[in-house]
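Worksheet: one structure, shown below.
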Amino acid sequence: MNRNTIPLFLWVLSLLLTVNTPSLQAQYMTNITLNKPAYLTYEAVEATVTINNRSGADIVMGGPNGQSWLTFAVIAPNGNAVPSMQFQADDNMIFKSGTSISKKVLISNFYTFSEYGTYSVNASIYHPPSQQYYGSNRARALFTDAKPFWEQSYGVPVDQPNAGQIRRYTISTLRDTERTWLYVRVLEDKTNLKLTTFSLGTCILVADPQITVDSNNKLHVLFMAVPHIYSHVIIDTQGKLEKRRYFKELETNRPKLVVQNDQTIDVQGGEPYDPTAVAAKPKARSVGQRPPGL
């Protein structure tokens, strides 16, 4: 090649790269968000992945060689990648040009968030025509632990799975930048193995949560979820949310947990409250006045 043609060759190559690179990057516009900025270790983590098809053509979504068209990369606080546990996206689908799809994935079913510190998560979407994965932004979340302010051991009843096992309920709070979250955790009493960890929702500590265990060893918690609205939750011995009800305080008549004559636990005071009915009215309360998720 003539020495005089080298600069021209490099200029043409640079121009081609400049023209082609944006088109490759623009096939998908992908964004990932997590449902909270802060978590307790072992808590469920939900990611929402939003994808916009900017390729100019309809695409049959599917991964290479039968693999998933959606993958995640999770980096632990120590900088190491967290191994995936066989995550698989939905079956193939047609992704229309110019449209967006949004997918919620409980990524804690496939990755373990057990360390203290900041994890980072990003998603990659496979584009069959170009045979490439296109990445999203990187979402970050802080994982910590909290000392329980209430705990009680109990035995699993004979008619339940793991009957006879001694477990322990614990209740704690976690504060993020805006709100305070109330948590329940179930552990094996002897080994402190964490069996389940989840949030009961946001909690206003103007009134202390009321907590007790009934005659069937189920956990009852009554707490203020939003101003003047109380949430009563029942957790079964397996660590699952069995029931949730809401009550509204009436002036100085606040809801409270009481033991009935038959030794069952119930709520006395205030009045039953249905957030869904309030939301259906034309002059509904603002979102900030309703319990989270309703």
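The values are calculated or read from the model by the stated rules, or taken from the named source; none is laboratory data. Note that this is a predicted model, so its numbers are computed, not measured. So basically every Cβ, Gly included, is an ideal-geometry build from the backbone, and we count neighbours across all protein chains shown.
List of remarks:
- When residues of the range 72-93 are limited to those that are part of a loop (DSSP other than H, G, I, E, B) and at pLDDT 90 or above, the one nearest to A57 (Cα to Cα): V82
- Scanning the range 136-156 for residues that are over 21 Å from P209 (Cα atoms) and surrounded by fewer than 16 Cβ atoms within 10 Å (Cβ to Cβ) returns N137, R138, R140, L142, T144, G155.
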